[in-house]
C-alpha cells in the first residue's frame, strides 16, 4: 500500500526544467491546490443542495493509501461540443461553424425534462464558452480566408494562475514561445478600472489575467488571439474534481438505481446534459464504484498526474493534396504521448497545433477530412478524443446509502465561496463582465497568509445575500476574521480583516459561517485560506511596460 507524496503537474510537465528550486516551488504550490480541490470534492456542496455530499467513495491519495489491488481506467469522450448536436438536432449544417464561432440561436429546450423553455442565450458564455468539452482551439487564416493553422489546448486555467504566482516571467516566456513572440508581460496582466496594471496588495506582484488578449476567442491574429489554456467557465480542474466525486454517489429513483449517463447528470446535477464529457465521465465513475447494498464500496480518485488530456487525432479520414500523411502536420507543443510499456496508458497532450509547413504549396484549408475541405477548426476537433484516468480499488471498507435527486435547499446553510483582496476580486469580476463570462467563473486560489500577518480590505463572498449578524470563524484556530463592512455588487460580499497569530501553525484553514436567520452547519468551507506554504512570487520577473497601480480598496 502506498500514499501519494505529492500531486504531479499536468502531464508531469516541468516548466522550470532548468531551475530545480523553482520547479520544487511550483510542484509544492500545485500539489497544495490539488489537495484542496480533492478535499472539497469529498464533502461536496452540502450547504445549498440536498443529496450532494459527503462523498465517501471518492478519496484523496495524499490522505488515503492506494493499495496494490487498485487499477487505472481511462475515460474518453469526443472533443467536439456535444450540446450543439443535442440542442439543435436539425441544424447539422451549422454545427461546425458554430463550434468555431459561437452559437447565434437561443436555447429553447430543457434537455433534462425534454420540455420547451422560454428562449435564452446559449451558455456557457464568454470568448470560447461553447467549447465546453475541456478542449478549446483558435484558428489562423490567411488573406484568402483559408485556414493555415489551428492551435488546441486542454490546459486548465488553475495551473497557469499557479505558474504565474511562482514566476510571471516564465508565463511570459511560454506565451512567447507558444502563442506569439510579440506577447508582452503587460498584455497578460489584470487591469483596474483605470486601465492600469494591478498589483496584488499582498505580494506586490502583478495579477494574472486568464482572459488576456492572447488567450481570448477563437481567432489568432497578428496582435491578439490564441489558445494558451482553457477559458470556458466549466473547463476547470476544480470543477472536474467535484464532478468525479459527485458521480461516486449511488443514485436511485423510486428504489430503482439510476445508471444512464443522461439521467445521472440530471439527477445529480453535475455538469450539463448534452455534453460529451460530463455525462460520460459521471457514468463511468458511477459504474466504477457500482453501489451494492450492504457491501463495502470501492473507492475512486483521479489518477496522478490529474488532468484532462487530448489524445492523438484519428487521422484515418484525412487526405492532403500531395498525400503527405496528415499526422506530419500535428505537433505536440506541450505534454507527452502514452508510454507503450504501460498497459492502458493515455496520451497526455496539453497543447498542440495542426499546420502545414511553408514549403508546401497548400494550406490546412486544402486538406480534406472525410472528403470535406477543412473550413473550420472544429472539423479537426471532431477527430480528437479527450481522456482522463481514474484510479479505483475494491473493498475499501467504506459504506454509503443510495441517495435521490439533488435539489436546491429552501433554506440553505451559509457558505463562504471566495476569499480574495478586494481590489483583485473586483478587477476579476469586471474582466468577466467585459468578456461576457458568468460572475465568479475565473477560479479563486487559496489566500496565502504568513504567521503574524494582518490584512484588510479582503473580499469574503458568502453565497446568497448579505444577512445581518453573520459571523466567520476559523475552526482550526490561529486566524481571526473581523467584518469591516459590505459591498453591494456582486451580492454577498463582506469586507473583512484577517489576523494571523504569530505562532499560528502552518497549513490550510477552513472558514465556518454562522448566520442567525439561516440553518446552522458545522461544515466549514474548504480550500480558501492557507497559512505559510510555498514561497510564491513577490516581484515581477520582467519589466511591465505600462502604468502600474497597487491594489487598494
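Each value in this text was obtained by applying a stated rule to the coordinates, not by laboratory testing. Here the structure is a predicted model, which means the values were calculated and not measured. Every residue, glycine as well, gets a Cβ built from its backbone with ideal geometry; the counts of neighbours run over all protein chains shown.
Please give, to one decimal in nm, the separation of the simple spin-label points placed at residue 72 and residue 370, each 7 Å out from Cα toward the Cβ.
Each label point is offset 7 Å from its Cα along the Cβ direction, giving 3.1 nm.
What percent of all Cα-Cα pairs in segment 416-550 falls in each 10 Å bin, counting up from 0?
11, 39, 35, 13, 2, 0
Test of understanding: ordering 161, 386 by Cβ neighbours within 10 Å, fewest first, what list do you get?
161, 386
Please pull out the direction-averaged projected area of segment 196-238, using the convex hull of its alpha-carbon atoms, in nm² to one decimal place.
4.4 nm²
Order these by the 10 Å Cβ neighbour count, fewest first: 180, 229.
180, 229
Taking the Cα atoms of segment 6-155, report the difference between the largest and smallest coordinate on each principal axis, in whole Å and largest first.
50, 48, 30
Average the reciprocal distances over every distinct pair of alpha-carbons in segment 67-107, invert the result, and give the Kirkwood radius in Å.
By the Kirkwood definition, the hydrodynamic radius is 12.6 Å.
Quick one: 383, 50, fewest Cβ neighbours within 10 Å first, how do they rank?
50, 383
So if I restrict to the alpha-carbon atoms in segment 258-372, what is the Rg, and what is Dmax, the biggest pairwise distance, in Å?
19.8, 67
Per residue, how big is the convex hull of segment 386-495 when only Cα atoms are used? Give it in Å³.
Roughly 236 Å³ of hull volume per residue.
Report the Stokes-Einstein translational diffusion coefficient (µm² s⁻¹, integer) for segment 104-249, Rh taken as the Kirkwood radius over Cα pairs, at 4 °C with viscosity 1.567 mPa s.
Calculated translational D: 75 µm²/s.
How big is Rg to Rh over the chain, alpha-carbon atoms, Rh as the Kirkwood inverse-mean-distance radius?
My calculation puts Rg/Rh at 0.95.
Given the chain, what percent of its DSSP beta bridges are antiparallel, to the nearest 5?
Given both bridge residues lie in the chain, the antiparallel proportion sits at roughly 90 percent.
Expected output is a single nm value to one decimal: the length gained when fully extending between residue 287 and residue 219, i.e. 0.36 nm times separation in residues minus the C-alpha distance. What is it?
20.5 nm
Using only DSSP helix segments of four residues or longer, with each worth -39500 (n - 2.57), what per-residue ellipticity at 222 nm results for the chain after dividing by its residue count and rounding to 500?
-6000 deg cm²/dmol
For segment 349-417 and segment 257-274, what is the separation of their C-alpha centers, rounded to whole Å?
Their Cα centres are 17 Å away from one another.
Indicate, rounded to the nearest 5 percent, the antiparallel portion of the DSSP beta bridges found entirely in segment 416-550.
The antiparallel proportion sits near 90 percent.
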